[in-house]
Structures are given as structure tokens and as C-alpha cells.
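Q: Pasting a structure here, questions to come.
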Amino acid sequence: MAAALIPALAKIRFKATVQFPYFSSILFGLIPIEKANDPNMPTMAVDKHMRLYYNPDLLTKVSDEEAVGILIHEINHLLRDHHKRGVAYDPQLFNVAGDMEINDDIISDTNCGVKLPDWCVFPKSHGLPD
């Protein structure tokens with residue numbers, strides 16, 4: 001683990017908790033696992049054991065607000081029980097479908113103020129209705 005980047009993730013978790021205090025238990029319950037230089041992990045991901053896989057390079061490429069949005073996106077996978085609900089489907093396809101629905105929901109909630117990077121997927125990105 002690169003010691004200089006751990007504070008960057010801690011800062012994002014803190015900012016997410018300040019913005020979304022009702023998520024504090026899950027945000028601080030996540031177990032961060034750094035995946036530096038892993039081409040299969042360019043951003044963040046979570047698993048059913050509440051491990052948060054993250055590429056530290058991501059935190060240098062997005063704004064703090066976008067990193068908070070990505071973190072909120074990831075905990076939505078856990079809150080929506082995607083790890084159980086998607087077992088009967090193609091994992092990659094289910095993940096993309098889940099990503100689109102989560103992103104659509106958290107951006108359309110004008111009260112929460114989530115910001116996501118431009119490269120995130122939405123239903124409209126694939127010609128689907130919101």
C-alpha cells in the first residue's frame with residue numbers, strides 16, 4: 001500500500017459521511033483493499049463481504065465530489081443486495097445493469113447532491129429510458 005494515498009481514501013470516506021451521515025456505519029464498515037496497477041480494477045468495487053477494492057490512481061483523476069459519488073454508488077450495490085440478486089445472471093451484464101440503475105437513481109435525487117464522473121454509465125448511455 002502506498003502510504004501517501006491512504007489519507008486520500010480516508011478523506012473521501014469522511015466527506016461522504018459528512019454529506020450522508022445515515023450511511024456512516026456502512027462507509028466505515030468497508031474494508032479497503034488497494035488494487036494499485038491492476039488493469040482489472042480501474043475504479044472501485046465492493047464484494048458481499050464489504051471489502052472495498054480501489055485503485056489509488058482513481059483518487060488522483062477525479063474530484064473529491066466525484067470520488068464521494070463513486071463511493072456512494074458502491075455502497076448502493078451492497079444496500080440493494082446485488083451480490084445475492086445477481087447470482088442467476090451473467091455477472092458482467094448484471095453489474096452494468098446495476099450500475100446504470102444506481103447511477104440513474106442517485107443522480108435524479110436532487111436532494112442528495114451526488115456528482116459522478118462523465119464516464120459513468122446511465123440507461124440513456126445505452127439508448128434506454130430512465
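Q: So if R0 is 22 Å, what FRET efficiency would ASP118 and ILE31 give, r being the distance between their Cβ atoms, rounded to the nearest 0.05?
A: According to the calculation, E is roughly 0.15.
Q: How high is the relative contact order of the chain? Use alpha-carbon pairs under 8 Å, at least six apart in sequence, and give a whole percent.
A: Details: 134 pairs, mean separation 25.2, N = 130.
Dividing the mean separation by the residue count of the chain yields 19 percent.
Q: How charged is the neighbourhood of ALA36? Take every other residue with its Cβ under 14 Å from the Cβ of ALA36, and add Lys/Arg as +1 and Asp/Glu as -1.
A: Numbers: positive: LYS35, LYS61; negative: GLU34, ASP38, ASP57.
So the surrounding residues net to -1.
Q: Using heavy-atom solvent-accessible surface (probe 1.4 Å) with all chains present, what is the largest-first order of VAL96, VAL114, VAL87, VAL18? Mind showing how you got there, number by number?
A: Values: VAL96 60, VAL114 20, VAL87 115, VAL18 95 Å².
Result of the area sort, largest leading: VAL87, VAL18, VAL96, VAL114.
Q: Evaluate the distance, in nm, between pseudo-label points positioned 7 Å from the Cα of LYS11 and of SER108 along their respective Cα→Cβ axes.
A: 3.4 nm
Q: Now a separate question. Would you look at the GNM of the chain, springs on alpha carbons closer than 10 Å, and say which of ASN103, ASN37, ASN55 moves the most?
A: In the Gaussian network model the winner is ASN37.
Q: For labels at VAL18 and ASP47 in the simple 7 Å Cα→Cβ model, what's the distance in nm?
A: With each label point 7 Å from Cα toward Cβ, the separation is 3.3 nm.
Q: If you don't mind, another one. Rounding to the nearest 20 debye, state how big the charge dipole of the chain is about its Cα centre with +1 on each Lys and Arg Cβ and -1 on each Asp and Glu Cβ.
A: Working: 12 positive and 17 negative charges, 79 e Å.
With Lys and Arg at +1 and Asp and Glu at -1, about 380 debye.
Q: Further, regarding this structure: Looking at the chain, how many pairs of lysines come closer than 16 Å at the Cα, when each pair is eight or more places apart or spans two chains? Show your work: numbers first, answer last.
A: Details: LYS11/LYS61; LYS15/LYS115; LYS35/LYS61; LYS48/LYS84; LYS61/LYS115.
Step by step, the pairs that qualify in the chain add up to 5.
Q: Would you mind checking which residues have amide H under 5 Å from ILE33's amide H? H placed 1.01 Å from N; only 5 or more apart, or other chain.
A: For ILE33, the qualifying residues are LEU52, TYR53, TYR54.
Q: So, one more: Of PRO39, PRO117, PRO56, which is the most mobile in a GNM of the chain whose springs link Cα atoms less than 10 angstrom apart?
A: Comparing PRO39, PRO117, PRO56 in the GNM, the peak value goes to PRO39.
Q: Still on this structure, I have one more. Is it possible to state the helix-based mean residue ellipticity at 222 nm for the chain, with each DSSP H run of 4+ residues giving -39500 (n - 2.57), the sum divided by total residues, to the nearest 500 deg cm²/dmol? What is it? Don't skip to the answer; put the middle values down first.
A: On the way: 6 runs with 62 residues, N = 130.
Estimated from H runs of four or more residues: -14000 deg cm²/dmol.
The values are calculated or read from the model by the stated rules, or taken from the named source; none is laboratory data. Please read these numbers as outputs of a predicted model, since none were measured by experiment. Glycine gets a Cβ as well: all are built from the backbone with ideal geometry, and neighbour counts include every protein chain shown. We work out accessible area using only protein heavy atoms, side chains counted, and drop any ligands, DNA or RNA first. Shrake-Rupley method; radii C 1.70, N 1.55, O 1.52, S 1.80 Å.
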